[in-house]
Amino acid sequence: MGATGLTGTGGQATWVLAGNILAAALVLGVGPCALPPSFPALGPGSPSPPDPVGPRASSQHSDISRDAQGPSENGVIFQKCSLVSGQSESQTMHVQLSVNNTRTPMSANLSDLLVLDDITGLTVKESPGNVTQEGIQTFRKRFLQVGECYSVSYMASLDPTALGPGESLDLPAQLIFQRPSQNRTQLRARFTITVEEKIMVQHPENKLEPSPFTSANGVSQDLSLNDQLVAILTSEEPGSMLQALEELEIATLNQADADLEACRNQISKDIIALLMKNLISGGHLSLQTERKMAAAFKKQFLLLENEIQEEYERKMLALTAECDLEVRKKTENQYQREMVAMEEAEEVLKRVSERSAAECSSLLRTLHGLEQEDLQRSLTLQQAEDFAQAHRQLAVFQRNELHSIVYTQIQSAVAKGELRPEVAKMLLQDYSKTQESIEELMDFFQATKRYHLSKRFGHREYLVQRLQAMETRVQGLLSTAATQLTSLIHKHERAGYLDEDQMEMLLERAQTETFSIKQKLDNDLKQEKKRLHQKLITKRRRELLQKHKEQQKEQVSLGEASSTAEDAIQYLQQWRSVMAEHTTALEELQERLDQAALDDLRVLTVSLSEKATEELRRLQSTAMTQELLKRSAPWLFLQQILEEHSRESAARTAQLEAEERERGQELVQGVRQRLQQDAPEACTEEQAELRHWEHLVFTKLCSAAISLSEEDLLRVRQEAQGCFTQLDRSLALPRVRARVLQQQMQMTWREAEFRKLDQALAVPELQSKSRKLRSKGRGKADLLKKNLEDKIRLFEERAPEDLADQVRGELLQERVQRLEAQEAHFAESLVALQFQKVARAAETLSVYTALLSIQDLLLGELSESETLTKSACVQILESHRPELLELERMLEDRLVQQEEAEQRRVLESRQRWAADGPALGEPEEIDPERQVSAVLRQALNKGQKLLEQYQQRVREEQQNGAVLEDSLESMETDTMASLCSQGLRLVSYLSRMTMVPGGTLLRLLSVVLPAASQPQLLALLDAVSEKHSDHTAENESGGEQAQAEQGKRRKHQSWWKALDSRFRADLVSQGLERMLWARRKKESILKKRYVPVQERVVFPGKGSWPHLSLEPIGELAPIPITGLDTMDILNTGEKIFVFRSPKEPEISLRVPPRRKKNFLNAKAASRALGLD
């Protein structure tokens, strides 16, 4: 037997009409059913059509009545429906109760039908039923054949003021009947009246709210989330409490991430103001400049908030649309699969008995319901992951943009002359150093918040499961009392003290009274829970709001105290202590309020349930006992049964209480294990170890840079800061990702098991030939039934134990990949920067070398053709010598100035380090014999600080060395640019003298610049032509000059042709040589056998990768970062090994001495390099 509604939620269907009341509830059975036009009939086994938000099913079970999911196996359709008419002031309901005994394989004639209809709160008109004092209306029918339908109807009215907007009234109906082959059967139709003032289209998961990163709206969100907990505890569907609590946990984690992000932004802004204040107090910054910069920062921060808000709305809209589309697509696919499965099952069940077909159909419907639930959970988790990922991306984007604003505004102030470069450098260094402390502080905040939220929801899960255990105990006691009441009547009938008519009459009364008591309990619980719900919300909101106000006041005063703080470290320490205190106090209040809510709900439920149980027992011991005594039942026999029932009740009560206590102990152990996994000390230590390692990695990468300008250094520092700010773990995303992976792996495992079962069904074990001939159809039905039962059992079984290890491994791998991607991106940016510098220098050098080669060639032709004498050629070259000498003098002067500035900087740095270093003081009044040991002890105590200072000094020296190298390179680049300009003028002049055509000159440039692209060659040719035109314009002087030019052109024409032919041949031969060289090089590389990478490479330094742990498993597991991936190249067997160093980057305290550069030596070496 079963019951369901059109919505597929526990047999209840509710329609909301603006200004009116409309309600309906029905119980559907197997087979076609004659329903009112407004209620579409569902065929046998037909699934519900796909819902826009995905399929959702639930069921409730008890020993008294049952509201089951799916049609009833016995083919009985029991429904209660209504139609509302009239205005809102005087509404009338036409209520119909119908029992349809449809023709199905399991159908049978029904007898002794009893309909119990709850009419509490209604004014009934024109009803054929008997109305009791308890608000129950009864209808009886002695017999109902298969294929017949029994229905009754009546008119009822409800005062519109009796229910307020949003309130509802449950008025279920119950059917009790007798079948030939079974005991008495009960079906229940749920019926709900709901009043609404307006039509509301709700999509709770897709509400657009203000961005959580731009405003401090955490208090209202926290209160709203706490209201949801009260709604969960007072819910009428205990089976869905844990699922609702899981969704609430994800929402709370997202809100906690947003609160921490708002806290981070506020701290960063206060730190900027504090650093500028310190510059003012040190005399490095004027008050007027500080006000200008503060105004600029405020404006940029406001623009960033607006941008974040717009991006948040855009992302939420896009994700909502994508999620809705994905839900519709997967739901439709699931619906199509169900239809195909039903068609295949119907084909198999055509030749089997009606009973077997009904059983298989019921199993198939149950399987489809479980698949729909699994799909709905998967879609919900995937949507939660998408939204958590979007929140994380916005948070990272905002952090990077905030850093960018700081760097950009400081550089802008330097460019405008408002800030001196050395002050800007000091400010940025302080900002970077403070950011490390901020990241450490936020790691502490995050670990503390993670622990307290884990404790909060562990406690809440404990409370919900204790509540469910209490509900189980209460329902068990009610069921025992109701069963004893009917058992008392049956025992007297079997003993011969009651005839059949008397038994039927007493059973009808007992069932009517039981239903009345149960319905009164449900109504009382609903009303009292509603009042308790409002009471708890009011109380919790008042206390939580008061606590939030107190904490906000302290945080505001803390923000104001930033102006009086001595330094940033002191300010951050104040934040740390205040936030730790606030978090602990708030969580203690939350836990106390949660426990108080459960206690109030427990007292309410137990008192009302015990009252109902006592009424059932009193009904057994008084009213039913008197009825039996009136019918001459022996008192001793009756007393013996009552005593036996009393002992059974006591034993059942003790058993249920023991089970509840045992369950409570298991829950406490689970909460303790969960808290051990999320210990804040372990999380903070893990993050500190990870940040230390990554700091070493990034420092080593930065020290590998040969030359960096001040602008490059700022960009590198900003990018490194952006990488450091992403090393934290958000609260929501790891937890959601773990659940998504677990759900995906469970579905994958289940689908694999389904395929095995389907293969076994398609190729069953060989049977004897006679058995096949005798029961072919029945064998297929049995196999199908076994297949469906095994699939249903897979949903009830737990996944393999190694599934958790697989989830942990996948999460660890994903996190490691993210860390490696950050390191690789940072390294790639540094390498790209260095390659750009080298490429520019090499290009300039190659151009200058090419110009020298062309000059030699053209001068040689002019000398051989006797156009110019050797002395004239020498004179042309000597005319450029003064400019070269001037360039060399200017370069030497700049080098001397740079060296003097570097010496002053080194001297000042040493003096500063000597002044700031931890000096060893004189021991005070110590025994001379112990003076050495005291000094050594003092030195050991200050050794770590001294080491850190020297490491910082080394890093600064490395950075200064890179900046100095960049400065020298800039000087050389400027000099080479001047030389190239001079060479272009000379080549232009000589090409005019030799009258070289443009095509020949282009081929000449391609020979001397083989690596240059066609656009680069054309640009260089245009530059030469421009210089050529400049010379031509200067030297034009009439017709005689033109005739002379024509003569020169004829004189050099043969040389042009010979030169052009030679160039063409050279280009072809060079191309062939390059191809042959590349082929030989490739063959030699492929033939060569190398020593394995592990034997060739030795990594310096000591240390190991940090240990990482991920949600929800808290074990510290080392990550095998070191690994070798191999790739086969050209199928030759040769491998490329891709590896990572497992060692800590080595940091040397010694700076290698810099060799002085001489411009002429560098120029000669560059010339030789270019010619080579």
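The values are calculated or read from the model by the stated rules, or taken from the named source; none is laboratory data. Note that the structure is a prediction, hence the values are computed from the model and not measured. Counting neighbours? That spans all protein chains shown, and the Cβs are built from the backbone with ideal geometry, glycine included. Surface accessibility is based on the protein's heavy atoms, side chains included, excluding ligands, DNA and RNA. Shrake-Rupley method; radii C 1.70, N 1.55, O 1.52, S 1.80 Å.
The table for this structure:
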read-out: Protection proxy ranking of 365-374, 407-416 - average other beta-carbon atoms within 10 Å, highest first; value: 365-374, 407-416
read-out: Carbon plus sulfur fraction of accessible area for the stretch 452-575, probe 1.4 Å, in percent; value: 50
read-out: Theoretical gain in end-to-end length, Thr584 to Gln949 [0.36 nm per residue, Cα-Cα removed]; value: 127.7 nm
read-out: Kirkwood Rh and Cα Rg combined as Rg/Rh, the stretch 231-281; value: 1.46
read-out: Cα-based equivalent ellipsoid, the stretch 303-354: semi-axes from gyration tensor eigenvalues, Å; value: 50, 6, 4
read-out: Out-of-range pairs (alpha-carbon distance over 24 Å; input Lys416/Lys700; Lys80/Lys520; Lys433/Lys549; Lys299/Lys549); value: Lys416/Lys700; Lys433/Lys549; Lys299/Lys549
read-out: Projected area, mean over directions - the stretch 609-668, Cα convex hull, nm²; value: 4.6
read-out: In Hz, Karplus ³J(HN,Hα) per residue of the stretch 442-451 (6.51, -1.76, 1.60; θ = phi - 60°; x = Gly, Pro); value: 5, 4, 5, 4, 5, 5, 5, 5, 4, 5
read-out: In order through the stretch 262-278: 3J(HN,Hα) via Karplus (6.51 cos²θ - 1.76 cosθ + 1.60), integer Hz, x for Gly, Pro; value: 4, 5, 4, 4, 5, 5, 4, 5, 5, 5, 4, 4, 5, 5, 5, 5, 5
read-out: Among 587-595, 700-708, 1079-1087, the order from most to least packed when residues are scored by Cβ within 10 Å on average; value: 700-708, 587-595, 1079-1087
read-out: Of Lys449/Lys547; Lys269/Lys945; Lys756/Lys786, those spanning more than 24 Å from alpha-carbon to alpha-carbon; value: Lys269/Lys945
read-out: Estimated vicinal HN-Hα couplings, Hz - the stretch 666-674 in sequence order (Karplus 6.51, -1.76, 1.60; Gly, Pro = x); value: 5, 5, 4, 4, x, 5, 4, 5, 5
read-out: Cβ-based charge dipole, the stretch 244-295, positive-most Cα from Cys263, Gln288, Leu275; value: Gln288
read-out: For Leu171, residues with placed amide H under 5 Å, excluding near neighbours; value: Phe191, Thr192, Ile193
read-out: Cα-based convex hull volume of the stretch 248-311 per residue, rounded to whole Å³; value: 72
read-out: Charge dipole of the stretch 697-763 about the Cα centre (unit charges at C-beta), most positive-ward option of Gln743, Leu708, Phe724; value: Gln743
